[in-house]
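Working notes for the structure below.
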Amino acid sequence: MIHDRSFIIRWLQELRDGWKMGAVPQIEHATNAEAAIQMLSAPSRVPAAGGAAVSSPVKFFEVRDRATFLPVMAVRLTAARTSQDEWLMQRAGFADWQVHPESDTPYVILWRLLGGDANYDPYEWGNRTMANAHAHIMAHWSDLNSGDVIDVQFLLGENPTPKQSERLTNG
């Protein structure tokens, strides 16, 4: 679990510096982490290894549970950009299936925007809300849109209908 907000800033700087051939040129102009995150979450196109484009790997979600509202940012780890990137990810303990894009289940790092905690393993959260939300996001990445509500009570069958976004209910 990551408790240091400066980690996000360092990660964004490494992302900016590490991606080759202008894959994320707009990030160079970001003045702070929030601006960089906003730029990353925009529907940009990033060249993949074979030259084809893939969607931006960042999505934001509203995680809901009993008396719980948690804004989160999810980052899908796509194919390692260079052999050095691949080596670093594997050295950090990422399995081969987590490093390469052929995986059926995307490898997702999930950050709680309030508190700054982050995890790549849904079972490391230690609570039902984040563990179930993280596992759902990983399993349904391609079906989810940035801004969607992840309602844990609905996912677990405790409620017959999913919650609406607080953006809509609390104006």
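Within the range 126-171, which helices (runs of 4 or more DSSP H) (wholly inside it) include 1 or more residues that are surrounded by 15 or more Cβ atoms within 10 Å (Cβ to Cβ) and modelled with pLDDT under 95? Outline the logic, then answer.
Numbers: elements: 128-139, 152-155, 166-169.
It comes to 128-139.
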Checking the condition of a type outside the set (D, E, K, R), at negative phi, at pLDDT 80 or above and assigned to a helix (DSSP H, G or I), which residue from M73, M89 passes? M89
Could you check the range 121-153 and list, in sequence order, the residues that are touching a helix residue (DSSP H, G or I) at 6+ places or on another chain (Cβ under 7 Å) and among the aliphatic types (A, V, I, L, M)? A131, A133, A135, M138, L144, I150, V152
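For the range 47-70, give me the residue count where each residue is modelled with pLDDT under 70 and within 27 Å of G115 (Cα to Cα). Show your work before the answer.
Of the residues in the range 47-70, the ones modelled with pLDDT under 70 are 47-56.
Adding the requirement that they be within 27 Å of G115 (Cα to Cα) leaves 56.
Of the residues in that region, 1 qualify.
The values are calculated or read from the model by the stated rules, or taken from the named source; none is laboratory data. No experiment lies behind these values; they were computed from the predicted model shown. For neighbour counting, all protein chains shown are included, and Cβ atoms are generated from backbone atoms with ideal geometry for every residue, glycine included.
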